[in-house]
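Read the structure below first, then the notes.
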Amino acid sequence: MPRPVRYTRDSIIYFRGDVSDKIFVLKEGRVSMTFHDIETGKELRELIQVGEFFGVKSALGRYPREENVIAQTDCVVLVFTVQEFESFASRNTRVVMKMLKVFSNQLRRIHTKVRTLLALDVQLDPEQGLIRTGDYFRAKRRYGQALYAYRRYTELYPKGRYLDQALEGIDACGNYAGREDAGSSAPPSLRDAPEIQGDAKRYYEALSLFGREQYVDALRIFTELAAGSAEPEYRSGSLIEIGRCYFYLQRYKEAVQHLSSTVQQQPSIPDVDKAMYYIARSYAELGNPDKARAFYERILSLGRVDSDLKNKVSHALRKMEGKL
């Protein structure tokens with residue numbers, strides 16, 4: 001059965017980029033959703049209505065959240081797991097039909113905007129349009145869609161002008177596509193791709209466990225990979241994820257110790273900004289706002305920080321300063 005969860009004003013229900021199998025419906029109060037317009041890049045904000053579901057597509061599709069959801073007032077939401085939602089939907093076909101209509105309209109709007117983006121300032125021929133489609137989805141971290149576009153390019157244009165670019169895109173997106181767990185919903189060319197093996201498979205298995213809030217099991221795999229993986233990408237990634245597991249297990253001191261040690265020993269490690277973010281959050285949970293603020297400000301001083309992370313940090317600082 002879904003469980004009611006209370007959020008106080010200004011609480012974050014979830015952030016863009018989070019991975020979870022939870023689906024929400026607003027029972028009472030006011031909740032807002034902010035997201036970036038696919039065409040203009042402008043941040044848009046919508047209020048969620050009482051009785052409205054949110055987080056459905058990302059939970060069912062098993063991909064990262066695409067929006068930030070914040071409680072505008074004290075509120076109560078019902079939280080479903082995917083299995084609970086599917087059981088509920090099977091008994092309420094009217095709700096399913098309403099959602100399908102909404103999703104269909106959203107898909108049409110996205111398709112129209114993508115075509116508009118690809119045609120900006122210049123008339124593209126089909127070959128160039130296809131490679132641009134792959135590049136667009138890759139930039140948006142939609143690796144499954146990007147991989148499909150690149151592979152279609154190699155099938156349609158085996159001697160094309162952008163063949164090297166397509167092959168590089170296939171190589172770059174291949175591992176990441178597994179994170180989306182596209183499964184049978186993917187096009188045939190993608191479903192027939194070789195199965196991910198070895199450390200890559202274990203790494204994405206751990207990410208999947210993390211997304212399902214099975215932090216102890218995820219921590220065990222990440223710890224093993226950090227100690228023994230032959231692939232630098234999975235060793236370094238696992239070091240960061242170990243800290244995240246500690247944080248969500250509410251082992252804040254261990255999160256600080258582990259991530260601080262990692263950053264000191266490997267200052268150029270990928271996602272060092274993410275490591276500092278969880279150090280800051282851990283200090284905040286430990287009741288040390290000064291150290292938390294110092295790490296948040298340090299993140300903003302870095303040269304290149306992901307825009308979503310920058311938004312999270314700025315929001316945290318404003319909240320600490322009482323400006324929210």
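Being assigned to a helix (DSSP H, G or I) and modelled with pLDDT under 75 is a description that applies to ARG115. Somewhere in segment 25-41, is a residue surrounded by 15 or more Cβ atoms within 10 Å (Cβ to Cβ) and free of Cβ contacts under 8 Å to residues at least 12 places away in the same chain? There is at least one residue in segment 25-41 that is surrounded by 15 or more Cβ atoms within 10 Å (Cβ to Cβ) and free of Cβ contacts under 8 Å to residues at least 12 places away in the same chain.
It is to be established whether one or more residues within segment 64-77 are at pLDDT 85 or above, among the charged types (D, E, K, R) and surrounded by fewer than 17 Cβ atoms within 10 Å (Cβ to Cβ). Taking every residue of segment 64-77 in turn, at least one turns out to be at pLDDT 85 or above, among the charged types (D, E, K, R) and surrounded by fewer than 17 Cβ atoms within 10 Å (Cβ to Cβ). For segment 288-322, the set of residues classified as acidic (Asp, Glu) and closer than 15 Å to ALA275 by Cβ consists of ASP306 only. Of all the listed residues (TYR234, TYR252, TYR283, TYR248), the sole one being among the aromatic types (Phe, Trp, Tyr), buried (at least 16 other Cβ atoms within 10 Å of the Cβ), at pLDDT below 95 and at negative phi is TYR234.
Test GLY237 against the stated conditions and say whether it is out of contact with any helix residue (DSSP H, G or I) (no Cβ under 7 Å at 6 or more places or on another chain), in the same structural domain as VAL272 (by the TED database) and of a type in the set (Gly, Ala, Ser). Judged against the criteria, GLY237 is not a match. Number of residues in segment 42-56 that are crowded, with 16+ Cβ neighbours inside 10 Å and modelled with pLDDT under 85 equals 0. Among residues of segment 288-324 being farther than 20 Å from ASP18 by Cα, touching a helix residue (DSSP H, G or I) at 6+ places or on another chain (Cβ under 7 Å) and assigned to a loop (DSSP other than H, G, I, E, B), the one that is modelled with the highest pLDDT is LEU302. Which members of segment 270-301 meet the condition of being over 19 Å from VAL256 (Cβ atoms) and in contact (Cβ under 8 Å) with a residue 24 or more places away in the chain? Hit for segment 270-301 is PRO270, nothing else. Contact annotation: residue pairs with Cβ atoms under 6 Å, 6 or more positions apart or on different chains, pairing a residue in segment 211-230 that is outside the structural domain of TYR14 (by the TED database) and among the aromatic types (Phe, Trp, Tyr) with a partner that is modelled with pLDDT of 90 or more and crowded, with 17+ Cβ neighbours inside 10 Å, are TYR215/CYS245; PHE222/SER238; PHE222/GLU241; PHE222/ILE242. Summed over segment 138-164, the residues that are touching a helix residue (DSSP H, G or I) at 6+ places or on another chain (Cβ under 6 Å) and assigned to a helix (DSSP H, G or I) give a count of 12. Please go through segment 1-23 and give me each residue that is assigned to a strand (DSSP E or B) and modelled with pLDDT under 85, ordered by number. None; the set is empty.
For ASN92, all conditions in the list (1) surrounded by 14 or more Cβ atoms within 10 Å (Cβ to Cβ); (2) of a type in the set (S, T, N, Q); (3) modelled with pLDDT under 85 hold save one; what is the number of the exception? So ASN92 meets the others, but not (1).
Only one of the numbered conditions (1) surrounded by fewer than 12 Cβ atoms within 10 Å (Cβ to Cβ); (2) at pLDDT below 65; (3) polar (S, T, N, Q) is violated by GLN83, and that is (2).
The values are calculated or read from the model by the stated rules, or taken from the named source; none is laboratory data. Computed from a predicted structure; not experimentally measured. Cβ sites come from the backbone with ideal geometry, for glycine too, and all protein chains shown count toward neighbours.
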